[in-house]
Amino acid sequence: MTTTPPVPAKRTGYHHGNLVEALLEAAIALIDEKGVDALSVREVARKAGVSPGAPFRHFSNRTALLTAVAEQAMARLTAAVRAEVEAVGDADPVEALRAIGRGYLEWARTNPTHFQVVSSRSLIDFHGSDALVAENEAIRVAMADLIGRGRREGRLRDDVPVDDLIFAARAFVYGVARMWIDGHFREWKIEKDPPDAMEGALNLFIAVIGARL
């Protein structure tokens, strides 16, 4: 996977030399308060306590600002996935694959607004961002390697193409995260605490794609 910088500590308001960080923090706060549709660069400037023109030195428009929020989201996702994989190691490809899923779900649960922004391709210029493309691809490649190894070791089913397994795995964790963030757990009678419910669903998915012995 690619190396990402540490997640910056949360700050309040604008501090000299940290304008970009202050603007991203203000953007997240505004999305939490009013929804992404109400976001504007000038409103973010007001929230950050800077002049209306200050953000435009870094972000030419709303899309550029939201793309920067998405890059922050992807950096946090990469850090969460890496932490989980490093905790279990990658000697066991199935456990490492489970760790990627666990990292993704923990990231989504603790960063719901970031999840919303980076998931909405209509809001951001995903393919115009080298960071977004590279970090997303790094996770996909890591999954492909682990699934391939798991199949060769007879641990994962070999009657489904690798690309289909990768797609299914990504769709699964995305769907679980989306259901929680959109408030669907209650109506689907999910009574466990969200982390436990997510972990249980992940374990079931890993079992489903396991080799048929």
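The values are calculated or read from the model by the stated rules, or taken from the named source; none is laboratory data. No experiment lies behind these values; they were computed from the predicted model shown. As a convention, Cβ positions derive from the backbone with ideal geometry for all residues, glycine included, and neighbour counts pool all protein chains shown.
Of the residues ALA70, ALA83, ALA87, the single one that is more than 30 Å from GLY154 (Cβ to Cβ) and at pLDDT 95 or above is ALA70.
Against the definition (loosely packed, with under 13 Cβ neighbours inside 10 Å, within 30 Å of ARG62 (Cβ to Cβ) and of a type outside the set (Lys, Arg)), how does GLU137 come out, yes or no? Yes. Scanning segment 196-210 for residues that are surrounded by 13 or more Cβ atoms within 10 Å (Cβ to Cβ), farther than 15 Å from PHE167 by Cα and free of Cβ contacts under 8 Å to residues at least 60 places away in the same chain gives ALA197, ALA201. Residues that are acidic (Asp, Glu), in contact (Cβ under 8 Å) with a residue 12 or more places away in the chain and either within 21 Å of LEU165 (Cα to Cα) or touching a Phe, Trp or Tyr at 6+ places or on another chain (Cβ under 9 Å) (or both) within segment 124-141 comprise just one, GLU135. Pairs meeting the criteria (first residue in segment 27-45 and without any contact (Cβ under 8 Å) to a residue 12 or more places away in the chain, second residue among the β-branched types (Val, Ile, Thr) and outside any helix (DSSP H, G or I), beta carbons under 8 Å, at least 6 apart or on different chains) are lacking. The set of residues in segment 191-211 being in a loop (DSSP other than H, G, I, E, B) and either at pLDDT 95 or above or among the basic types (Lys, Arg) (or both) consists of LYS192, ASP193, ILE209. Evaluate the following for ARG178: is it closer than 14 Å to ALA211 by Cβ and either modelled with pLDDT of 95 or more or over 16 Å from the mean Cα position of the chain (by Cα) (or both)? Judged against the criteria, ARG178 is not a match.
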